[in-house]
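The structure is given below, and queries will be raised subsequently.
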Amino acid sequence: MVRITCPNCRRPFAAPLEQVLDVEVDPSAKARLLSGQVNFVVCPHCGAGGAVNLPFLYHDPSKELAFVFLPMEAGQTDLERQQVIGALSKAVMNQLPPEQRKSYLLNPKVFFSYESLVKAVLEADGITEEVLEARRARSELLRKFLDAASEEERIALIEENESLLDDDFFRVLSATLMDLEAMGVQDVVQRLREVQQLLFERTAVGRRLAARAEALRALSEQPTREKLLELLIEHEDRETREALVTFGQPLVDYFFFQTLTQRIEEAGDEEERKRLETIRQQVMEVRQKLQDQARQVVESKVALVRDLLATERPELLARRRLADLDELFFSVLGAEIERAQREGDRETASRLEGIWKLTMDLIREQVPPQIVLLTAVLEAKEVEEVRQTLEDNRPLVDESFLQLLEQVEQQLREGGDEQAAERAAIALEVARSMVEAKPKEEKKPPEKKPPSGLEIARR
């Protein structure tokens, strides 16, 4: 967290800022970069928003890209700027296992404007200048919608910019909403929600997307093969059909195709029959696409297990790939351990078990400390063990922990697990006595700190 001074109201506030964007570690980093959301902050006091011009390094190992954004104010001299670049390169290198430290990281390409860096990233993806200009226009239009003071102004913007209000614009709008919601800026989120609703009502693309959302909602409320088929027949839009099949994938089985084939055979005219055959073909294509994607995901988990076996520093690699350590990863890892044991390969089995322990420990690190403590006290066999566990973690035992224990006890009783509920009640009693015994701390006025030199700027 960095303290920032708002240029509008001059009041300081704290905000999280990024200095390393690694798309392998955080796949969403690229989307933030392209939408202009990197180090974008909103003042919680007055709602003013903008980007903080702080240097950062963008790293895409799959393309061997190392780009540094270095605004001119980042250093007064060439030496100072080189020191900033060196520190960012070192930060990335330190996160990498030795075998992934390549020469391109020692000489990153430097960009003095955010726009030029974005352009280089898109050029690496083969995206043209025309596409870049269209993206800039959409971002500027979104800003104008936010600045509009009335619904009449927003309607005028819609009428003047119909060509820009396409699927890409709505994707940018959705991504911006998610970022702002994560930042907790509710007043700005509310204004943007109003813009979104107006666009749903007054644009062709918006009406199509709203209809898609309604179809998905209807399927979620009635998840049956019959309802899925009804919605597929009702909606002509191919992307809406793909979204329905993706959402209702478990429903697309032998019985679904049997029902659809029967409808085809019973079709009253040639046009209806062809329409139903088109739906069947589209469903089969989407299902095959989903199966291919699932296979690729499994293959990526197998590759990660092998990389963890091969690297000299498995912990460093595992930390970089923390987002990939999910349920599927552990299923694949467990299968690999069983296979090694079946084949009598004790050495590989032992190393894989070490990776299991390492990765599970990393996952536990991400669990909030009070949840870890809660698990420990519920697993304790005796009252004295509960007391000792709580004593060892006394700083965590506060009013919020008591509320957590109360909720868990209630949930366990409602679920019929009386034995676990009694353990929670015992833990709650011990924890409450510890909280009540704590001396009341005298509240001190918050220390006044000078405002930070960082300010919001427009890119």
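A short reminder: the numbers here are calculations on the coordinates, not readings from a lab. Predicted, not measured: the structure shown is a model, and the values here were computed from it. Neighbour counts run over all protein chains shown; Cβ positions are idealised from the backbone, glycine included.
Return R346, R320 ranked ascending by Cβ neighbour count within 10 Å, so the fewest neighbours appear first. Please report the intermediate quantities before stating the final value.
Working: R346 10, R320 18.
Ascending number of Cβ neighbours within 10 Å: R346, R320.
Report for the chain the percent antiparallel among DSSP-assigned beta bridges with both residues inside it, nearest 5. Intermediate values should be presented prior to the final figure.
On the way: 14 of 21 bridges.
Around 65 percent antiparallel, to the nearest 5.
Determine the shape class of segment 128-216: with a ≥ b ≥ c the square roots of the Cα gyration tensor eigenvalues, call it rounded for a/c under 1.5, and otherwise prolate if a/b is greater than b/c, oblate otherwise. All intermediate terms of the calculation are to be shown ahead of the outcome.
Working: a/c = 1.20, a/b = 1.10, b/c = 1.09.
The shape class here is rounded.
Another question about this same structure. Assign unit charges at the C-beta atoms only (+1 for Lys and Arg, -1 for Asp and Glu), then state the dipole size of segment 2-127 relative to its Cα centre in Debye, rounded to the nearest 20. Before the final figure, lay out each step's value.
Details: 12 positive and 13 negative charges, 75 e Å.
Dipole size: approximately 360 debye.
Still on this structure, I have one more. Treating the beta-carbon of each Lys and Arg as +1 and of each Asp and Glu as -1, no other charges, what is the dipole magnitude of the chain about its Cα centre, to the nearest 20 debye? Intermediate results must be reported in sequence, preceding the final value.
Values: 64 positive and 86 negative charges, 311 e Å.
Rounded to the nearest 20 debye, it is 1500 debye.
If amide hydrogens are placed 1.01 Å from N in the peptide plane, which non-local residues have theirs closer than 5 Å to the one on V110?
For V110, whose amide H was placed from the backbone, the distant partners under 5 Å are V68.
Between the alpha-carbon centers of segment 88-142 and segment 207-228, tell me the distance in whole angstrom.
The distance from the Cα centre of segment 88-142 to that of segment 207-228 comes to 38 Å.
Can you give the helix-only mean residue ellipticity at 222 nm for the chain, where every DSSP H stretch with n ≥ 4 adds -39500 (n - 2.57) and the sum goes over all residues, rounded to the nearest 500 deg cm²/dmol?
Values: 19 runs with 290 residues, N = 459.
After summing the helix terms and dividing by residue count, I get -21000 deg cm²/dmol.
For C6, enumerate residues with amide H under 5 Å from its amide H, sequence gap 5+ or separate chain, H modeled in the peptide plane.
R11, F13
Further question on the same structure: Could you state the per residue volume, in Å³, of the convex hull enclosing the Cα atoms of segment 223-286?
73 Å³
Still on this structure: Out of [x] 151; [y] 246; [z] 224, which label holds the value of volume of the Cα convex hull per residue in Å³ that was computed here?
It is the value labelled [y].
Going by how many other beta carbons lie within 10 Å of each one, how would you line up T261, T5, fewest first? Walk me through the numbers on the way to the answer.
Working: T261 13, T5 18.
With the fewest neighbours first, T261, T5 line up as T261, T5.
Spit out the partnerless Cys residues in the chain, using Cβ distances under 4.7 Å as the pairing rule.
Among the cysteines of the chain, none has its Cβ 4.7 Å or more from every other.
State the extension gain, in nm to one decimal, for the chain segment bounded by D292 and E399, taking 0.36 nm per residue of separation less the distance between their alpha-carbons.
Values: separation 107, 0.36 × 107 = 38.52 nm, distance 4.95 nm.
Taking D292 through E399 to full extension adds about 33.6 nm, to one decimal.
With unit charges on the beta carbons (Lys and Arg positive, Asp and Glu negative) and the dipole taken about the Cα centre of the chain, which residue among L146, V252, T5 sits farthest to the positive side?
Most positive-ward Cα: T5.
Mind sorting Y58, Y114, Y104, Y254 by how few other Cβ atoms lie within 10 Å of their own Cβ, fewest first? Don't skip to the answer; put the middle values down first.
On the way: Y58 27, Y114 18, Y104 13, Y254 7.
Final ranking by Cβ density, sparse to dense: Y254, Y104, Y114, Y58.
Moving on. Taking θ = phi - 60°, what integer Hz values does the Karplus form 6.51 cos²θ - 1.76 cosθ + 1.60 yield along segment 84-96, in sequence order, with x for Gly and Pro?
Taking θ as phi minus 60°, the curve returns 5, 4, x, 5, 5, 4, 5, 4, 5, 4, 5, 8, 9 Hz for segment 84-96.
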